[in-house]
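The block underneath contains the structure these notes are about, expressed in structure tokens.
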Amino acid sequence: MRSGNKKMEIETIALHADRDLSSNKAVAPALEQSVTYAVDKEDDFAAKAEMPFYDQFYARHGTPTSSKIAKVIADMEGGDGALMFSSGMAAITTTILSFVNAGDHIIVQQSLYSATASFFRKFLARFGVRVSAVNQTSIETFEAEITNDTKLIYVETPVNPLMTLTDLVKISEIAKAHDILTICDNTFATPVNQKPLQLGIDVVVHSVTKYIGGHHDLLSGCVVTASSRLEQIWDTGMDLGPTAAPFNSWLALRGVRTLKLRVDQQNKNALQIATFLENHPCVGKIYYPGLKSHLQHELAKKQMSGSGGMIAFEVLGGYEKAAQFINSLKYCLNAASLGGVDTLVIQPASMFRARLDDKEIQALGIAPGLVRLSIGIEAVTDLIEDLDQALRSK
Ligand SMILES: Cc1ncc(COP(=O)(O)O)c(C=O)c1O
């Protein structure tokens, strides 16, 4: 958790931001698994235990391997520093719990990652924190909900299920005018496509499990913000124990080296696939910020440098037809999660059926035939051929 190197381009940051944290000239970073570190004399323990971000005392406080990936992500996002967590949800919940008390009020968007939404709706209510969920496309509704108790505005953009965007500049302006902290989940966009801190947002969180890790083989999360806030979050983490495991941080470090290459390819593949789907006779509505037909295409152009790898669209014929389409795919794997090198596909109505009834699913804007694609780095011609044959399958 150190700063600097902000002048490098993002591709170079991915490879060099952590170099000065290496103790020797090894080209590949070391994986340091030690949970505890010896001191020269007993008195040294007290100083170490109180020190924020110290990564060579006891692994719940931090580890050298996690400090390296934290440094890379912080520089990519343009923040003072970052802290690594065991999962995206660990990063999100520890961050929020660091800034709210009983009696406080939070404003969030109605569409959020499901576990984040559940944390706001169910968990925080048990501790006397009031949460208002508003339509993210209407900045006026955020403003209308602000009270003297509002401490935090939490957003996520683009977001499931319809790749809806939130105007980060406008949100940060109204929040600053009322001295309210802003947090943005930048998982879908990645720092390659969107830099919320540069748009005025105070805190960025990520599920590192997704694009930053990029290979569907690790679970991790992170928060990027100013040093004073990181100290507060680190303090909360000391009590809750959500720290990242060194091996997962090492895998994330290996993954992040190619983030720019992967995301550039995913942006390109997704735009071609979205254009193909938009013109396909078996496809209804399609939601991709890079298409002119997306209701917030102009906002996408303003705050994103690439439109990302996530697409949602409706298979004509409803639930059964969408299920049949997914079952007929060869390369697009039917699996949860997103952001990795392999293309993944899910049918949101089917996933949500375990927890919600049909009316609740419809209220979320999820049509029975809606399908979500997380585009990978396969040859786009193969992916298009696969999607076409599955859409036409009888
Ligand atoms: C946008 C977003 N934020 C946060 C999370 C939670 O991340 P994790 O599964 O690493 O806890 C997810 C997981 O899918 C996500 O998609």
task: Name the single residue, out of those in region 1-32 being among the charged types (D, E, K, R), open to solvent by 40 Å² or more (accessible area, probe 1.4 Å) and closer than 16 Å to W250 by Cβ, that is modelled with the highest pLDDT.
output: E32
- prompt: Are any of the residues in region 351-358 open to solvent by less than 40 Å² (accessible area, probe 1.4 Å), on the phi < 0 side of the Ramachandran plot and in a helix (DSSP H, G or I)?
  reply: no
message: So S393 passes all but one of these: (1) within 30 Å of K260 (Cα to Cα); (2) open to solvent by 10 Å² or more (accessible area, probe 1.4 Å); (3) touching a residue at least 60 places away in the same chain (Cβ under 8 Å). Which condition number does it fail?
response: (1)
task: Would you mention how many residues in region 288-313 are within 16 Å of the ligand (Cβ to nearest atom) and in a strand (DSSP E or B)?
output: 3
- request: Can you give me the ranges of the helices (runs of 4 or more DSSP H) entirely in region 61-171 with at least 2 residues that are among the hydrophobic types (A, V, I, L, M, F, W, C), away from the ligand (no atom under 14 Å from the Cβ) and buried (at least 22 other Cβ atoms within 10 Å of the Cβ)?
  value: 64-77
Among (1) in contact with a Gly (Cβ under 8 Å, 6 or more places away or on another chain); (2) among the hydroxyl-bearing types (S, T, Y); (3) under 26 Å from M351 (Cβ atoms) - the single one Y331 does not satisfy: (1)
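Rundown of residues vs (1) open to solvent by 10 Å² or more (accessible area, probe 1.4 Å); (2) assigned to a helix (DSSP H, G or I), yes/no style:
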position	(1), (2)
V224	no, no
I233	no, yes
G237	no, yes
A252	no, yes
A270	no, yes
A274	no, yes
L277	no, yes
P281	yes, no
I286	yes, no
task: Would you mind finding the one in L364, L333, L316 that is open to solvent by 70 Å² or more (accessible area, probe 1.4 Å), within 16 Å of the ligand (Cβ to nearest atom) and in contact (Cβ under 8 Å) with a residue 40 or more places away in the chain?
output: L364
query: When L97 is evaluated against the numbered criteria (1) touching a His at 6+ places or on another chain (Cβ under 8 Å); (2) touching a residue at least 40 places away in the same chain (Cβ under 8 Å), which criterion, by number, is the only one it fails?
result: (1)
field: region 167-179 residues that are free of Cβ contacts under 8 Å to residues at least 40 places away in the same chain, paired with ones that are assigned to a loop (DSSP other than H, G, I, E, B) and surrounded by 15 or more Cβ atoms within 10 Å (Cβ to Cβ) (beta carbon under 6 Å, 6 or more apart)
entry: S172/G200; S172/I201; H178/I146
message: Can you say whether Q347 is out of contact with any strand residue (DSSP E or B) (no Cβ under 6 Å at 6 or more places or on another chain) and surrounded by 13 or more Cβ atoms within 10 Å (Cβ to Cβ), as far as the supplied structure shows?
response: no
- request: Return yes when D185 is without any contact (Cβ under 8 Å) to a residue 60 or more places away in the chain and of a type in the set (D, E, K, R) and no when it is not.
  value: no
- prompt: S374: out of contact with any His (no Cβ under 9 Å at 6 or more places or on another chain) and either more than 23 Å from Q136 (Cα to Cα) or surrounded by fewer than 16 Cβ atoms within 10 Å (Cβ to Cβ) (or both), yes or no?
  reply: no
task: Please enumerate the residues belonging to region 172-204 that are assigned to a strand (DSSP E or B), in contact with a Gly (Cβ under 8 Å, 6 or more places away or on another chain) and more than 12 Å from the ligand (Cβ to nearest atom).
output: T182
- line: By residue number, the members of region 205-222 that are open to solvent by 10 Å² or more (accessible area, probe 1.4 Å) and either within 10 Å of the ligand (Cβ to nearest atom) or not assigned by TED's automatic domain parsing to the domain that holds L97 (or both) are S207, T209, K210, L218, L219
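The values are calculated or read from the model by the stated rules, or taken from the named source; none is laboratory data. Quick caveat, the model's predicted, so the values are computed rather than measured. Note that each Cβ is placed from the backbone with ideal geometry, even for glycine, and that neighbours are counted across all protein chains shown. Surface accessibility is based on the protein's heavy atoms, side chains included, excluding ligands, DNA and RNA. Shrake-Rupley method; radii C 1.70, N 1.55, O 1.52, S 1.80 Å.
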